[in-house]
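The block underneath contains the structure these notes are about, expressed in structure tokens.
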Amino acid sequence: CKLVVGDVLAQIRRDYLDVAAIPHSTIEKAIMNSKPFRDNLRQEELATIQTLPTEGFKHFDISLMHKIVRFSKFSMLIFNDVPTRLWKSEPSDTENTFGDNLQRIKKCRDKIDHNPNVSLTVGELQNNFEQYIDIVRRAAQHFNKNLKNYEQKINDYRDCSLDSGQATKMSGEIKPSLKKFVEVKSMCVYIDE
């Protein structure tokens, strides 16, 4: 699920930001000229924003893209579309604006990144993947183009298992506060009495 969110859903989010076809340098200047917005960014987020003119949204994660879209000063610059029930709600199945789908992506990211339980039931896993496919299909309607390659990537992630390289990469993405817990837990020795 983390791979789908970080790869496919993040890319769809980038595609939404590119729909307006505003030059990336214009977006970067607007962001950098907005002191109230800049003051709420971490140093690495500022560095990522400075890559916009040359790299586009390539290095932006879902969280940073969400901050940009939600900031009212940039709404007309990117696109003026908010979720039907605003930014903190969970969109219903019938709500289908660009903003609703962006909110679905953010909610998927939050569900994976903020879940302290690293295991999912088969039902939860199936529901997550159905939601990911639904997001792709809605994006395909919004962009009026075929996004079967995204659907295929999601299905590939659903059917694959983590190799040792992927497992190592994923363990490196654990939040520092949780990493200490994981490392300590892995050093525990169980003695059979």
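Please enumerate the residues belonging to the range 7-52 that are among the aliphatic types (A, V, I, L, M), touching a residue at least 40 places away in the same chain (Cβ under 8 Å) and either more than 29 Å from Tyr157 (Cα to Cα) or open to solvent by 30 Å² or more (accessible area, probe 1.4 Å) (or both).
Val19, Ala20, Ile22, Ile27, Ala30, Ile31
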Point to revise | Some residue of the range 19-28 being assigned to a helix (DSSP H, G or I) and polar (S, T, N, Q) | key: yes
Point to revise | All positions within the range 138-156 that are touching a residue at least 60 places away in the same chain (Cβ under 8 Å) and open to solvent by 80 Å² or more (accessible area, probe 1.4 Å) | key: Lys153
Review point. Condition test on Leu46, is it assigned to a helix (DSSP H, G or I), more than 21 Å from Arg137 (Cα to Cα) and at pLDDT 90 or above?
Key: yes
Exercise for review: Look at the range 119-130 and say how many of its residues are closer than 20 Å to Ile62 by Cα and open to solvent by 40 Å² or more (accessible area, probe 1.4 Å).
Suggested key: 1
Check your understanding: Quick check: is even one residue across the range 79-93 surrounded by 11 or more Cβ atoms within 10 Å (Cβ to Cβ) and in contact (Cβ under 8 Å) with a residue 40 or more places away in the chain?
Key -> yes
Check your understanding: Regarding Asp93, is this residue under 26 Å from Lys111 (Cα atoms), out of contact with any strand residue (DSSP E or B) (no Cβ under 6 Å at 6 or more places or on another chain) and part of a loop (DSSP other than H, G, I, E, B)?
Key -> yes
Review point. When the range 62-75 is examined, which residues are found to be surrounded by fewer than 18 Cβ atoms within 10 Å (Cβ to Cβ) and either β-branched (Val, Ile, Thr) or assigned to a loop (DSSP other than H, G, I, E, B) (or both)?
Key: Phe71
Exercise for review: Only one of these is closer than 25 Å to Ala20 by Cα and either aliphatic (A, V, I, L, M) or buried (at least 19 other Cβ atoms within 10 Å of the Cβ) (or both): Ile135, Ile112. Name it.
Suggested key: Ile135
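Here is a yes/no grid of residues against (1) polar (S, T, N, Q); (2) more than 27 Å from Glu151 (Cα to Cα); (3) out of contact with any Lys or Arg (no Cβ under 6 Å at 6 or more places or on another chain):
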residue: Ala10; (1), (2), (3): no, no, yes
residue: Val19; (1), (2), (3): no, no, yes
residue: Thr26; (1), (2), (3): yes, yes, yes
residue: Ile68; (1), (2), (3): no, no, yes
residue: Ser92; (1), (2), (3): yes, no, yes
residue: Ser119; (1), (2), (3): yes, no, yes
Exercise for review: Considering only the range 101-193, give the helices (runs of 4 or more DSSP H) lying wholly within it that have at least 1 residues that are modelled with pLDDT under 70 and not hydrophobic (A, V, I, L, M, F, W, C).
Suggested key: 164-172, 176-186
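The values are calculated or read from the model by the stated rules, or taken from the named source; none is laboratory data. Predicted, not measured: the structure shown is a model, and the values here were computed from it. In this analysis, Cβ positions are derived from the backbone assuming ideal geometry, glycine residues included, and neighbour counts consider all displayed protein chains. These accessible areas exclude ligands, DNA and RNA; they are computed on the full protein's heavy atoms, side chains included. Shrake-Rupley method; radii C 1.70, N 1.55, O 1.52, S 1.80 Å.
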